[in-house]
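Report on one structure; see the data block that follows.
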Amino acid sequence: MKRIASALIISALSASLSTAADFLEPFEHIHLSKSGAPYVHSFGIEPAFTGRDLFIDHTYRVGNGVAEHESEIELEWAFTKRLGMIVELPYVWEDEEGEATGSGFGDLAIVPRALLIESERFLLTAQMEVVLPTGSSRFGGETAIAPGIAMWNDLGKGWTLNSGIAIEHGFDADETELVYGVGLVKSFGKKAADHADHAGHSHATAGLFHLHLEVTGSTPLNGADKGDINLEGLVGVSYGVISGLDIRAGYLFPLTTPKDFDKGFNGGLVFHF
């Protein structure tokens, strides 16, 4: 019996793994899986699914005498169905008590990625984030790499899960940390059948409303803070206004002490190409 179960698991996994030909399959922008579950972007977790999307986000955090605004442009571009890249560029304004107000660009991040496993209810993508020291000395200037994976799960009844984990190493500071996140999404609105084509795929997002619950964090793997757990939570919503345009907003709060901030807010637009 154990041998039969193991054979079935291996067979299912083999069927899901990508072949060389799969990586060259043309990209098609879809918003629903074959099971009818929506592919929804979390706020602070990279998606396992590929896409062609432009994000314009603004985040505000306040606490410990510091008020920080960060605007970020993020482009997700799929070259094929399974191969893509993410490019991120932030700009930061910071007002600290007793210090002059400062602003400047953060570091440019480039994230090549490949969808390795695809099934009806599960996706797994491997990626390698490369951070280039293009930012100002106050808000950037660090060279880093962060290999990791991103996963998507259809939990059923409108619930989906985005999760990811990576090991980030900063070369200039010689610091390494574990970075991770989990995002639970509950979707409301039109059923999959109202959106999907004959293959079960969908290009429509208008009218779909999503509730987001997220936890993201990091743990240093070396240095004086080795082993410390730093977590923050987010409660947010997103809505498909028209086909190709989503709006979203979220409330940020610390989950561990000492707190880096007291509270924060995130708002933005997502354009689908």
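The values are calculated or read from the model by the stated rules, or taken from the named source; none is laboratory data. Treat the numbers as computed from the prediction; the structure is a model and nothing was measured. In this analysis, Cβ positions are derived from the backbone assuming ideal geometry, glycine residues included, and neighbour counts consider all displayed protein chains.
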ALA100 being modelled with pLDDT under 95 and either surrounded by fewer than 16 Cβ atoms within 10 Å (Cβ to Cβ) or of a type in the set (Gly, Ala, Ser) (or both): yes
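Yes/no matrix, rows are residues, columns are (1) within 30 Å of PHE261 (Cα to Cα); (2) modelled with pLDDT of 90 or more; (3) among the charged types (D, E, K, R); (4) touching a Pro at 6+ places or on another chain (Cβ under 7 Å):
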{"position": "ILE4", "(1), (2), (3), (4)": "no, no, no, no"}
{"position": "LEU8", "(1), (2), (3), (4)": "no, no, no, no"}
{"position": "LEU32", "(1), (2), (3), (4)": "no, no, no, yes"}
{"position": "SER42", "(1), (2), (3), (4)": "yes, yes, no, no"}
{"position": "PRO47", "(1), (2), (3), (4)": "yes, yes, no, no"}
{"position": "GLY51", "(1), (2), (3), (4)": "no, yes, no, no"}
{"position": "GLU68", "(1), (2), (3), (4)": "yes, yes, yes, no"}
{"position": "GLU74", "(1), (2), (3), (4)": "yes, yes, yes, no"}
Can you name every residue in segment 35-59 that is buried (at least 19 other Cβ atoms within 10 Å of the Cβ) and outside any loop (DSSP other than H, G, I, E, B)? PRO38, ASP53, PHE55, ASP57, THR59
Take the residues in segment 99-110 that are touching a residue at least 12 places away in the same chain (Cβ under 8 Å) and either out of contact with any strand residue (DSSP E or B) (no Cβ under 6 Å at 6 or more places or on another chain) or charged (D, E, K, R) (or both); name whichever of them is farthest from ASN153 (Cα to Cα). GLY104
Scan segment 111-141 for residues that are free of Cβ contacts under 8 Å to residues at least 60 places away in the same chain, surrounded by fewer than 16 Cβ atoms within 10 Å (Cβ to Cβ) and assigned to a loop (DSSP other than H, G, I, E, B) and jot them down. PRO133, THR134, SER136, SER137, ARG138, GLY141
Is there any pair linking a residue in segment 150-164 that is on the phi > 0 side of the Ramachandran plot to one that is of a type in the set (Gly, Ala, Ser), with Cβ under 7 Å and at least six apart or on different chains, and which? GLY158/SER187
Mind counting the residues in segment 159-180 that are of a type in the set (A, V, I, L, M) and either crowded, with 19+ Cβ neighbours inside 10 Å or over 18 Å from the mean Cα position of the chain (by Cα) (or both)? 2
Going residue by residue through segment 150-158, is there one that turns out to be within 16 Å of LEU231 (Cβ to Cβ), modelled with pLDDT of 95 or more, crowded, with 17+ Cβ neighbours inside 10 Å and under 14 Å from the mean Cα position of the chain (by Cα)? no
